[in-house]
Amino acid sequence: MARLTGARPVATRRWGCVASAFLFLLLTVQAAQKADLSGDATAATINHSLMLLQRLQELLQNGNGSDSVLRVRTAASDEAKVFHTHQLLLSLQSEVFESLLHNQSTITLHEPPETAALFEKFIRYLYCGGVSILLHQAIPMHQLASKYRVWGLQRGVADYMKTHLASESSQGHVVGWYHYAVRIGDAALQESCLQFLAWNLSAVLGSAEWGSVSVELLLLLLERSDLVLHSELELYTAVESWLSRRQPEGPVAKRVLRAIRYPMIAPSQLFRLQVQSPVLARHYGAVQDLLFQAFQFHAAPPLHFAKYFDVNCSMFLPRNYLAPSWGSQWVINNPARDDRSTSFQTQLGPSSHDAGKRVTWNVLFSPRWLPVSLRPVYSDSVSGAVQPARIEDGRPRLVITPAMSSPDFAGVSFQKTVLVGVRQQGRVVVKHAYSFHQSSDEAADFLAHADLQKRTSEYLIDNSLHLHIIIKPVYHSLIKVKK
């Protein structure tokens, strides 16, 4: 641990040389291990890099031979934390420290409490190239790495955040990480957080972090059709809670409420909302036209409704609903063993006219389907010989087809979505969402990079493949009538 109190004289040149020697050895040890040993069978590598790391840690811990002093102050405290450091080590890792220590040996740094609390970990990383952090420490550690331009640490913390989105947290962290990514302009982290929130929204809606969602993030989520949640009513209930807590201005509340897809909510539930929802009563004028249109949608036959209204907009497009009427979960035990099949039923469409009509779907899963280019063919060189095909050349395949055709299908096309669940940090989350339309019976790239032959595959939970298949009926007009 770095010494935090007490004054020390500026280090002697001898200790500076020692620090330089240790650093030089540390940086060159890997290169030496990879050197050409001329194929001599008696050659061996002697590796004392861990010992060198320990010596560097001791330099920081004891302050031996320090030639620079960092005083870290916060506005919340009159007392400064003092670190006796070595200019060479700091300068090699950070161009900011190189500039600050160019003509002075003692500098005072002003940090907010959250980054000051991690400054010792941060300095230790500069000496040893490694650091352990917790979820709540990710943002302040990333801030330190960015401020002092320690690019390796900055990338490492960003990667940590992307791989720990699913970790359990009492207050949640993904929303906070998303807002932070927006502030610093990290588009990759921003997209990772947004996708995780969209595909695991039901878990977020019931968590403490839902109240911390910004207006901008909420509107981004509401415009997406790939949200994974139980139903549109669940989303409305969560939005109502958010509006009640945040109390935004009228125009914001109007934009939020108009992003709900009311035609996807059953008429009985819409009637109940009009009577019981205080938020809807307060802002009824902002969505009155959408509610009226939703009741018309449920009252008229879909083909007749589509003659007069544009049903190709997002308002009439289902999201990824997990309710049984929209699809089915399928857990495939030991998926590498052989082909499997299953069947399930969904409602024909979201309109009340079609809610009672059922469509039966057949699903085929093959763990080792071979593309045409890899299938066995007869060889001309040896009569009758067949080129062998290896099992590992195949890839998983999922085919979804309707078990029947019906005149009721007129004006309805079906988008099929397959969610793949995996276990990350102890939680089952959606890792992939494959979508394909009626013109295709299967997703072309379904689990193309998954190795289901290995029990340790990240796509397997207790040696089972967890899928949820969703059928999204989409209405389209056959005949347009001028209004």
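Quick note: the coordinates plus some simple rules give every number you see, no bench work behind them. All figures in this text were calculated on a predicted structure; none of them were measured in a lab. Using ideal geometry, Cβ is built from the backbone for each residue, glycine included, and neighbour counts are taken over all protein chains shown.
Please report the equivalent ellipsoid semi-axes of segment 54-164, computed as sqrt(5 x eigenvalue) of the Cα gyration tensor, largest first, in whole Å. List each step's numbers first, then the result.
Numbers: eigenvalues 95, 56, 35 Å².
Gyration-tensor ellipsoid for segment 54-164: 22, 17, 13 Å.
Suppose R0 equals 22 Å. What FRET efficiency, 1/(1 + (r/R0)^6) with r the Cβ-Cβ distance, do residue 254 and residue 296 give to the nearest 0.05?
Details: r = 21 Å, r/R0 = 0.96.
Rounded to the nearest 0.05, the efficiency is 0.55.
Less than 15 Å Cβ to Cβ from residue 406, Lys/Arg counted +1 and Asp/Glu -1: what total charge do the surrounding residues give? Intermediate results must be reported in sequence, preceding the final value.
Numbers: positive: 357, 358; negative: 354, 408.
Its environment carries a net charge of 0.
Label residue 110 and residue 215 with points 7 Å out from Cα along Cα→Cβ: what is the distance between them in nm?
Between residue 110 and residue 215, the label points sit 3.1 nm apart.
Subtract the Cα-Cα distance of residue 441 and residue 341 from 0.36 nm times their separation in residues, and report this length gain in nm to one decimal. The partial results should precede the final answer.
Numbers: separation 100, 0.36 × 100 = 36.00 nm, distance 1.43 nm.
Computed gain between residue 441 and residue 341 is 34.6 nm.
Computed on alpha carbon atoms, what radius of gyration and Dmax characterise segment 184-299, expressed in Å?
14.6, 49
Set Lys and Arg Cβ to +1 and Asp and Glu Cβ to -1, take the dipole of segment 151-264 about its Cα centre, and tell me which of 247, 212, 263 lies farthest positive.
247
At a Förster radius of 60 Å, what calculated FRET efficiency corresponds to the Cβ-Cβ distance of residue 149 and residue 288, to the nearest 0.05? Please list the in-between numbers first.
On the way: r = 54 Å, r/R0 = 0.91.
So, using R0 = 60 Å, E works out to roughly 0.65.
If the only charges are +1 at each Lys and Arg Cβ and -1 at each Asp and Glu Cβ, what is the size of the charge dipole of segment 54-164 around the Cα centre, to the nearest 20 debye?
Details: 10 positive and 10 negative charges, 46 e Å.
About 220 debye.
For labels at residue 355 and residue 449 in the simple 7 Å Cα→Cβ model, what's the distance in nm?
Inter-label distance under the simple model: 4.2 nm.
Please work out how much length the chain gains when fully extended from residue 310 to residue 128, using 0.36 nm per residue of separation minus the C-alpha to C-alpha distance, in nm with one decimal. Let's see the in-between values first.
Details: separation 182, 0.36 × 182 = 65.52 nm, distance 6.22 nm.
59.3 nm is the gain from fully extending residue 310 to residue 128.
Once R0 is set to 25 Å, what does the formula 1/(1 + (r/R0)^6) return for the Cβ-Cβ distance between residue 92 and residue 61, expressed as a FRET efficiency to the nearest 0.05?
Details: r = 19 Å, r/R0 = 0.77.
After rounding, the FRET efficiency stands at 0.85.
Cα-Cα over 20 Å: which of 307/416; 81/121; 357/416; 162/431; 357/472?
Numbers: 307/416 25 Å; 81/121 13 Å; 357/416 18 Å; 162/431 12 Å; 357/472 14 Å.
Violating the 20 Å limit, Cα to Cα: 307/416.
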